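Before any comments, here is the structure.
Taken together, the values in this text are just the output of simple stated rules run on the coordinates, not laboratory data. Remember, predicted model here, so these are calculated numbers, not experimental data. Positions of Cβ are backbone-derived with ideal geometry, glycine not excepted, and every protein chain shown enters the neighbour counts.
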Amino acid sequence: MRSVLQIAAAHAAVLRSDALHHQAATLDTSPLSLSNPEAQAQAEAANKLHPLGEKVRADPADPQTPKLPFVTDELRSCTGHFSVGCYGDEAEHTRTWYHKVIPKGDQKAMTVQVCYDFCQQVPFAQFFGLVHGRECWCAHYYDKGATTDGFCDLPCEGNANEVCGGKKLASVHEMHDCNNLPAKICHGAPPPISNAAQTCGWGDTAAHSYCHVECIPGYEIGEDNLRCKEFGNRLVYSWASWSGTTTCVAKNCGPPTNEPHTRHPTADVYFPNSVQFQCQLGYSIDRIPQGNRTFSQTCQTTGQLTPSVP
């Protein structure tokens with residue numbers, strides 16, 4: 001059983017082939033394949049096309065069968081669109097049509113936003129077009145030199161203030177798929193971090209945005225939001241820089257032990273500090289009148305206090 005990624009890879013190959021040759025893949029009908037009933041059955045099952053052009057499994061009850069529409073890249077997150085122009089549409093075999101994918105009962109009155117919301121979920125789509133005032137298609141390219149006879153002058157069915165192509169021409173829009181652009185690099189390590197034993201040496205704005213920091217013994221991570229972030233406008237000029245703060249703070253060993261017949265501070269003790277105990281009058285550590293009347297507890301690298309009584 002093929003995974004969604006394998007299905008997506010197969011679909012990508014089909015789309016790239018269409019873009020280069022404008023030809024549809026054909027089923028193998030050679031005598032060898034037809035003479036093998038098992039191979040023929042597999043070929044026929046594989047040739048059942050998904051409405052998006054995906055080859056799907058023969059069993060529609062399979063819970064792993066992808067639902068429409070779906071994306072192959074979880075990071076794909078188109079951030080907007082703008083109008084490219086009014087052009088013809090002569091490459092229908094490469095188009096994914098809204099009305100052919102979305103069940104009729106779930107279809108919305110067409111607007112530019114409805115078409116955009118649909119097409120940003122279609123694998124490999126970079127453009128979308130509106131035609132006839134009510135139809136929407138998605139594609140990974142468009143033909144600028146196609147038919148130019150006519151105008152884009154039909155109002156959208158769902159918003160009369162917008163134009164949804166014409167009788168022959170389509171209102172074509174480009175989609176910004178910013179998260180598919182290359183990551184920006186944070187060159188070099190971030191600014192020095194006090195009490196840090198090790199920090200990251202570089203980062204980027206994608207998978208390596210987090211800066212891993214290790215503290216020296218006796219310290220632990222406090223704030224932890226140092227990231228490699230992108231600034232500027234990705235479509236014009238942008239750059240990456242370290243942003244946020246990660247700190248190494250002293251471990252808290254908690255309050256000192258409450259020893260009877262002593263005077264001592266009660267506040268929490270932090271590494272590497274100590275707290276002093278003073279025996280009350282008439283008391284000593286060794287029960288000798290002239291014996292030692294003071295002792296201490298120290299906060300250790302483990303976050304634990306040393307024993308209170310020697």
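General remarks:
- Table column - 3J(HN,Hα) (Hz), the stretch 281-298, Karplus curve with 6.51, -1.76, 1.60, x for Gly and Pro: 4, x, 10, 8, 5, 9, 6, 9, x, 9, x, 5, 10, 10, 7, 9, 10, 10
- The mean sequence distance of close C-alpha pairs (under 8 Å, at least 6 residues apart), as a share of the length of the stretch 164-221, puts its relative contact order at 25 percent.
- The stretch 114-176: C-alpha gyration tensor shape, a/c 1.5 cut-off, then a/b vs b/c: oblate
- The modelled label-to-label distance between Ser241 and Glu214, using points 7 Å beyond Cα along the C-beta direction, is 3.0 nm.
- Counting charges near Ile221 (Lys, Arg +1; Asp, Glu -1) among other residues having Cβ under 15 Å from its Cβ returns a value of -2.
- Between Asp153 and Ala109, the distance separating the two model label sites (each 7 Å from Cα on the Cα→Cβ line) works out to 2.3 nm.
- Shape call, the stretch 123-231: gyration tensor on alpha carbons, a/c limit 1.5: prolate
- The largest-to-smallest principal axis extents of the Cα set in the stretch 195-262 are 72, 19, 16 Å.
- Gyration tensor verdict on the stretch 173-310 (Cα atoms; rounded if a/c is under 1.5, prolate if a/b is larger than b/c, oblate otherwise): prolate
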